[in-house]
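Written out below as structure tokens is the structure these notes cover.
Throughout, read-outs are computed from the coordinates displayed, never taken from laboratory work. Please read these numbers as outputs of a predicted model, since none were measured by experiment. Note that we place each Cβ from the backbone using ideal geometry, even for glycine, and neighbour counts take in every protein chain shown.
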Amino acid sequence: LGAAATPRMVSGDEPIYEIAGVDLDAIHHASSRRADIAGTLERLRQGGEARIGVAHNPPWSIAEGGRVGGIEPRLAAAWARSVGGRPRLIAGPETELVERLRRGEIDVLVAGLEKDTPHAKALAPTQVYLKTATASDAPGKTAGHVMAVRQGESATLHALDRHLLKLDRGALERELAR
């Protein structure tokens, strides 16, 4: 067939293999695991509330002194509106929000998460939507930034991935540089 498999690390030690050159929508449509266990995406499409957990990790997410904002809450709220949902930002500590996501009390977690987050086994992270230089001593090392949804919410994850893949990365990088 001439198709190539492209590995993508999601969590743990084993990658997920995607078929290079095949549109994500086509893969999603043919997948037996494309539905949401809790029906999150359908609820949002019907005008439901999109509960977005925000943990403090500037500039990605800001949640302090009654103020909630930052790059990721703005992006997640825009995604929620794009699918018909009404975004509600819920601030809290990252560990608490991970548990709330796991229990289905929030729909999306934004916390400046990187693809190798220690919480990976409890979350369903998006694809990396932006790579940035790290503050470490390793020159050229990058961090891959992700958001997360509840495990089992495949349709929600797919919709959020599609939204994030359409972002203007140059604009995001300029915003971070300010």
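For the range 56-109, what is one quarter of the convex hull surface built on the Cα atoms, given in nm²?
Across all orientations, the range 56-109 yields a mean hull projection of 3.6 nm².
So, with +1 on the Cβ of K and R and -1 on the Cβ of D and E, and no other charges, what is the size of the charge dipole of the range 27-167 about its Cα centre, to the nearest 20 debye?
For the range 27-167, the charge dipole is close to 440 debye.
Considering only DSSP beta bridges where both residues belong to the range 30-164, give the percentage that are antiparallel (nearest 5).
Antiparallel bridges make up about 60 percent of those DSSP assigns within the range 30-164.
When the Debye formula is applied to the Cα atoms of the range 57-161, each taken as the same point scatterer, what base-10 log of I(q)/I(0) results at q = 0.18 Å⁻¹?
Normalising to I(0) and taking log10 leaves -0.88.
At a Förster distance of 25 Å, what's the computed FRET efficiency of GLU173 paired with VAL68, Cβ-Cβ distance as r, to 0.05?
Taking R0 as 25 Å, the efficiency between GLU173 and VAL68 is 0.60.
Taking R0 as 25 Å, what's the FRET efficiency between THR142 and GLU49 from their Cβ-Cβ distance, rounded to 0.05?
The value I calculate is 0.15.
May I ask which residue of GLY140, SER82, LEU109 lies farthest towards the positive end of the charge dipole of the range 55-178, with charges of +1 (Lys, Arg) and -1 (Asp, Glu) on Cβ and the Cα centre as origin?
Working it through, the farthest residue towards the positive pole turns out to be SER82.
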